[in-house]
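Below: the structure, in structure tokens.
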């Protein structure tokens with residue numbers, strides 16, 4: 001069988017063919033303004049030394065052209081014009097935390113601490129900035145678990161300067177409540193967002209705009225009764241299914257990130273073992289409850305993954321008797337009718353591999 005390329009080889013046109021076509025249909029060919037300008041420029045300046053001149057002129061044409069950036073939709077940015085000093089600092093701290101990575105850790109951590117230590121800060125400003133920074137670090141750490149060690153390292157630096165361990169313990173308790181199975185995934189995700197962005201909402205104009213939009217949406221939904229699933233079109237049902245899936249994934253990602261983050265906090269001696277133990281017990285209680293319902297469910301899988309990640313993070317930092325309790329429970333879970341790859345994962349941990 002001939003290839004597509006060989007089948008298309010019969011379509012051959014010479015330069016003269018294109019000239020003839022242009023001559024015949026010249027009145028019918030319509031070009032965009034900026035393309036027409038470029039062609040005219042080329043006709044005027046075709047000579048050996050005109051390359052850079054033509055390129056520079058092209059750039060001027062593109063800057064003026066309404067088509068130059070038409071492929072990209074510019075995001076609408078809502079900014080409050082008259083920001084207070086604390087709002088400015090909160091925005092800058094948030095911006096710096098968004099850029100945190102192993103490569104620029106020293107620079108970013110220095111910037112964040114610089115805003116907290118600014119001589120213009122009153123005691124009330126400093127307190128609010130510290131709350132904002134802790135909230136923000138928690139929020140980012142649980143959704144970006146790969147950077148957990150660096151967020152914890154920054155919290156450690158802040159603790160040495162501002163003694164914030166009690167605040168971190170309290171924040172861990174709040175996040176533990178969010179991860180509790182008694183709340184459904186959507187509620188857990190919403191609670192997580194509320195728990196971590198309250199300071200941001202109080203100090204950034206973007207948050208105010210988002211809150212207003214959210215209130216407007218809520219009012220609209222209150223005014224319009226929710227359509228029941230039975231009355232939805234197939235497309236609407238598919239969209240609803242997808243939205244629920246996204247919420248579920250977001251909730252699971254939050255809980256998995258929290259399990260690693262709290263482990264890193266304990267590993268770096270930022271929280272007490274009692275604080276960690278509350279979360280460990282909660283994870284195991286939820287897991288054993290789910291095992292009774294359906295031992296091969298997705299909930300069982302992600303709870304096992306969370307506990308394995310938590311254990312591998314803290315195993316070198318906990319006492320021998322506490323490691324034994326952990327492994328004993330893993331042994332019990334391994335003997336349940338769970339997915340084989342989870343059995344092997346637990347076996348690797350139990351055998352110390």
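Arranged from highest to lowest average of other beta-carbon atoms within 10 Å per residue, in what order do the peptides 113-126, 144-157, 309-322 appear?
Numbers: 113-126: 12.7, 144-157: 19.0, 309-322: 15.2.
The densest-packed peptide leads the list: 144-157, 309-322, 113-126.
Calculate the FRET efficiency for residue 292 and residue 174 from the Cβ-Cβ distance with a Förster distance of 25 Å, rounded to the nearest 0.05. Don't skip to the end; give the middle numbers.
Working: r = 28 Å, r/R0 = 1.14.
The pair residue 292/residue 174 has a calculated efficiency of 0.30.
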Review point. For residue 233 and residue 351 in one chain, what is 0.36 nm times their gap in residues minus the Cα-Cα distance, to one decimal in nm?
Key: 37.2 nm
Revision key, fill the gap. At the level of C-alpha centres, the distance separating the stretch 131-177 and the stretch 259-294, in angstrom, is 16 Å
Check your understanding: Expressed as a rounded percentage, what relative contact order does the stretch 272-353 have, with Cα pairs under 8 Å and six or more residues apart?
Key -> 28 percent
**Study point:** Gain upon complete extension [residue 40, residue 325; 0.36 nm per residue less C-alpha separation]
**Key:** 94.5 nm
Study note, to complete from the structure: Log entry: pair-distance distribution for the stretch 272-353, C-alpha pairs binned every 5 Å from zero, whole % per bin is 3, 14, 30, 27, 16, 8, 2
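Could you work out how much longer the chain between residue 343 and residue 312 gets when fully extended? Use 0.36 nm per residue separation minus the Cα distance between them, nm to one decimal. The partial results should precede the final answer.
Working: separation 31, 0.36 × 31 = 11.16 nm, distance 1.60 nm.
So the chain would gain 9.6 nm between residue 343 and residue 312.
Based on the Cβ-Cβ distance of residue 156 and residue 23, what FRET efficiency does E = 1/(1 + (r/R0)^6) give at R0 = 45 Å, to the nearest 0.05? Please report the intermediate quantities before stating the final value.
On the way: r = 76 Å, r/R0 = 1.70.
The computed FRET efficiency comes out at 0.05.
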Point to revise | Ranked list, fewest to most other Cβ atoms within 10 Å of each Cβ, for 326, 132 | key: 326, 132
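Any read-out appearing in this document is the output of simple, stated calculations on the displayed coordinates, not a laboratory observation. Note that the coordinates shown come from a computational prediction; the quantities given were computed from them, not determined experimentally. Every residue, glycine as well, gets a Cβ built from its backbone with ideal geometry; the counts of neighbours run over all protein chains shown.
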